[in-house]
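Below is one structure; the comments refer to it alone.
Nothing in this text is a laboratory measurement; each read-out follows from the coordinates by a stated rule. It should be emphasised that the depicted structure is a prediction, and the values quoted were computed from it without experimental measurement. Methodologically, a virtual Cβ is constructed for each residue, glycine included, from the backbone with ideal geometry; neighbour enumeration extends over all protein chains shown.
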């Protein structure tokens, strides 16, 4: 999904406040081991490692995973077998990319130790979805075309220069739906503060 964008992703998001987001979630974590699901190019994971956390990334897009490994992040395209973590994080709306979120959350649940924490943010389903939008960041322009049908949002991105085209499918959920999805996967709700959701196994 993100393979086409991998070569321009870090430049386009160069000014994203990764350090600030990590500072927000640190009080929500327990212990020092973290499973970073959908870790992308490893920007969040790198900040966590700098702060002394042991991070394992799951990233199905190999071109993104390559860049995470270049940052020193251990990354696989699948969930690790034979080990459990104290925390799992899904950052930058990763949960919205799951076509079957309950199944994915069950895999994450299995990868956590008892009492382990799940921390994530999600795209606000009440946010207005504009048909067309334009963004210019760090010398790269992006045109986004969005089409919403129920909870499904098809997004087509056009970046230039260089020209890059990508198509994403996202699924938006209300706050009540997000809570039900996580609880259906076996998690217990802990808190929802600001944009951060916290559940426990």
Once the convex hull of the alpha carbons of the chain is built, what does its volume come to per residue, in cubic angstrom? 114 Å³
For region 105-201, what percent of Cα pairs sit more than 17 Å apart? 61 percent
Which value in nm describes the separation of the simple spin-label points at residue 11 and residue 131, placed 7 Å from the Cα toward the beta carbon? 3.1 nm
Inter-part gap, Cα centre of region 98-175 to Cα centre of region 1-39, in whole angstrom, is 14 Å
Antiparallel content of DSSP bridges confined to the chain, in %, to 5: 65 percent
Semi-axis lengths (Å, descending) of the ellipsoid that matches the C-alpha gyration tensor of region 1-118: 21, 17, 13
Long-range alpha-carbon pairs in region 66-141, meaning those over 19 Å apart, account in percent for 56 percent
Treating the angle as unsigned and between 0 and 90°, give the value, to the nearest 10°, between the Cα long axis of helix 175-184 and the longest Cα principal axis of the chain. 50 degrees
